[in-house]
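Here is the structure we will look at, set down as structure tokens.
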Amino acid sequence: MNFNSIKSIYKFEMARALRTIMQSILAPVVSTCLYFIVFGAAIGSKISELDGISYGAFIIPGLMMLSVMTTSVNYAAFGIYLPKYTGSIYEVMSAPISAFEVIIGYVGAAATKSILISFLILLTATAFVSFDIRHPIWMLVLLIMTGSTFSLFGFIIGLWASNWERLQLIPLIVITPLVFLGGSFYSTSMLPGFWQTITKLNPIFYIINGFRWSFFGTSDVPIGVSIFFMAAFLLLCIAVVSIIFRTGYKIRN
Amino acid sequence: MNSIGFIEHILFQCRVSGFLKYMISIQNISKVYDQNLKALEEISLEIEPGEIFALLGPNGAGKTTLISSICGLTRQTSGLIKVSGFDTLEDYKKTRSLIGLVPQEFPLENYESVIETVKFTRGLFGKSSNPSYIEKVLKSLRLWEKRSTPIIALSGGMKRRVLIAKALSHEPEILFLDEPTSGVDVQLRKEMWDLIIELKKRGVTVILTTHYIKEAEMIADRVGILNRGRLLLVEEKKELIKKFGKKTISVELKEKLHSIPEKIAEEKVYLSEDRHSIFFEVSNTKNKMSLSDTIKMIAETGLSINDINTTESSLEDIFLEIIAEEEMR
Ligand SMILES: Nc1ncnc2c1ncn2[C@@H]1O[C@H](COP(=O)(O)OP(=O)(O)OP(=O)(O)O)[C@@H](O)[C@H]1O
Ligand SMILES: [Mg+2]
């Protein structure tokens, strides 16, 4: 294992976020505040409790997941796409580093950034509602698993994308809708029967619910199911990545 | 010491003691791009440790493709490449850590600072940080004052130097320079040549491509000419000039001539346009006509000499001739 190389990529990618530190911090804080004003205060005042939890607290895990999933994908996709776009990827390709090490560097940095941002959201939320986290260890485990898996997924998108439009496409038409419709802001029990069934076809629904369980100890699905979906998606991404690297897809011609 | 470590140790010893003859050994490599475009055809080439090798060839000859195959940017369709005795595909970690590459384009990220991007490369190539070495490299390339400047604010010549600094950042034993002096002013060009010669003194093997043949003439030990994916010849620069070079003796006369006098009318004798001079083309190897022979011949014709000049053909002339000959076939 070539730790210096991995460290170099990791640090470089972290520095990219530091260069725009204000934006990196401000964006999640502002959007969290907006969510709390709109959903928590305006709508939440009409919905007093969901599964015995105040609506304001109910949406916190949803917000964190929404953020971790979308920022992981974006950071990782952008992180590998940009060097491809500028051509500076030549360095990574001519360096004594394996594909596996490259992935650890890029995916690790993207996951770290998105997890830090989700903590920022958690911190901001404390200003609006009070809540306890029932299973903090599980929360952390699920957060890290989600961050890594979605970063890996973003990495694949960044490798696959051959222009800026494609880079935006998958996050926009797949990730965002699935996350919004995956019960970030509502409990399935609020939906009519048909939509409940539809929601249960959405893998992200299980991940968000598992995460909510780590906060409140209750959820629409058992935690085991949630972990199962998470692991399945992780394995799928690993499989795709290893196929990509075996065939040298799109990078090495 | 485990067995791999042991083998490495032996190889290292071989290299130091000169047993490992070639730094780079290319055996029959071909590269076919999409649409059956043959960028390289059956290239074989050996490069010795510590030499400066210049790869010449017109646009699209395959120079960059050849370099890319050695560095791992692209994979050859067939054939074998060994760097310091290691296969570039199987032992890519070992071969790549020995190589520094200065690419032809400017593939840099705009908002990165000079020093950060150089440090990044060093780390990427597996070396632990060494601020004093980085400082030395940046100073030698006159980039130290610019170390905190973002790339976007640099001139083209400075960017070229940043790329060189990156390539040198991990102390490579082999340096590839793909057209290092294109778009570089005269002074900087001279500085780069000095740098390359300095690297050679330190034992670094340098392979460069260039369109500027004067460059090869100035610094290369050996020259390879590539055209349409084929290596036409590989020769010591001095040998090449000796073999293919021509000397032209031009004799300026007092009087104007109508034609070349019969006595000296040979195959390689020409009359100048103003009919005031006669050119004697003397090949370096073939007819060994000397300057005194020439003067004697002219004296015999009774013509009076005003001035005599000799010029030797440059590598550029030789290059153009070899490419033209190839194109004729
Ligand atoms: N990625 C690629 N895909 C397809 N064809 C390519 C690719 N890269 C190079 N070629 C083709 O391979 C041939 C050799 O290109 P190469 O860049 O190696 O030439 P070169 O000698 O470096 O030329 P130049 O002096 O212009 O830099 C050209 O015909 C080029 O069009
Ligand atoms: Mg080229």
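Structure notes:
- With each label modelled as a point 7 angstrom along the Cα→C-beta vector, the residue B:145-residue A:45 pair spans 6.4 nm.
- Residue B:277 long-range amide H proximity, modeled H, under 5 Å: B:253, B:272
- The angle separating the long axis of helix B:3-16 from the principal Cα axis of greatest extent in chain B is about 30 degrees.
- Hydrodynamic radius of the stretch B:151-256 per Kirkwood, over alpha carbon pairs, in Å: 16.2 Å
- Backbone N under 18 Å from the residue B:329 label point (7 Å along Cα→Cβ), restricted to the stretch B:188-227: B:224-227
- Of all segments of chain B bounded by chymotrypsin sites (Phe, Trp or Tyr not before Pro) found in a DSSP loop with no more than 13 other C-beta atoms within 10 Å, the longest spans B:112-329.
- Taken over the stretch B:3-241, the alpha-carbon convex hull comes to 133 cubic angstrom per residue.
- 10 Å Cβ neighbours from other chains, averaged over peptide A:95-101: 6
- Average other protein chain Cβ within 10 Å of Cβ, residues B:112-124: 5
- 0 to 90° range, to nearest 10: angle between helix B:186-201 axis and chain B longest Cα axis: 70 degrees
- Modelled FRET efficiency - R0 22 Å, residue A:232 with residue A:169, Cβ distances, 0.05 increments: 0.40
- Multiplying each eigenvalue of the alpha-carbon gyration tensor of chain A by 5 and taking the square root yields semi-axes of 34, 19, 16 Å, largest first, rounded to whole angstroms.
- Long pairs among A:7/B:21; A:84/B:200; B:166/B:200; A:7/B:38; B:38/B:268, criterion Cα-Cα beyond 29 Å: A:7/B:21; A:84/B:200; A:7/B:38; B:38/B:268
- Alpha-carbon radius of gyration plus Dmax, which is the widest Cα pair, for the protein assembly as shown in Å: 33.3, 122
- Couplings 3J(HN,Hα) for the stretch B:37-50, derived from phi with the Karplus relation 6.51 cos²θ - 1.76 cosθ + 1.60 (θ = phi - 60°), are 7, 8, 7, 9, 10, 6, 8, 10, 7, 10, 10, 8, x, x Hz, where x marks Gly and Pro.
- 3J(HN,Hα) from dihedral phi, the stretch A:205-210, Karplus parametrisation 6.51/-1.76/1.60, rounded to Hz, x for glycine, proline: 3, 5, 5, 4, 5, x
- For chain B, the longest principal axis of the alpha carbon atoms and the long axis of helix B:156-168 meet at an angle near 60°.
- Shielding of peptide A:3-13 by partners, expressed as the average count of other chain Cβ atoms within 10 Å per residue Cβ, is 5.
- Derived scalar couplings between HN and Hα for the stretch A:174-185 equal 10, 5, 4, x, 4, 5, 5, 7, x, x, 5, 10 Hz in order, rounded to whole Hz, by the Karplus curve 6.51 cos²θ - 1.76 cosθ + 1.60 (θ = phi - 60°), x for Gly and Pro.
- Scoring A:197-206, B:217-226, B:195-204, A:83-92 by mean Cβ neighbours within 10 Å over their residues and listing the highest first yields B:217-226, A:83-92, A:197-206, B:195-204.
- Amide H contacts of residue B:42 (H built 1.01 Å from N, in plane; Pro and chain starts excluded): B:30, B:31 sit under 5 Å, all sequence-distant by 5 or more or on other chains.
Bear in mind these aren't lab numbers, they're just calculated from the coordinates by the rules spelled out. Values in this document were obtained by computation on a predicted structure and should not be read as measured data. With ideal geometry, Cβ positions are generated from the backbone for all residues, glycine too; neighbour counts draw on all protein chains shown.
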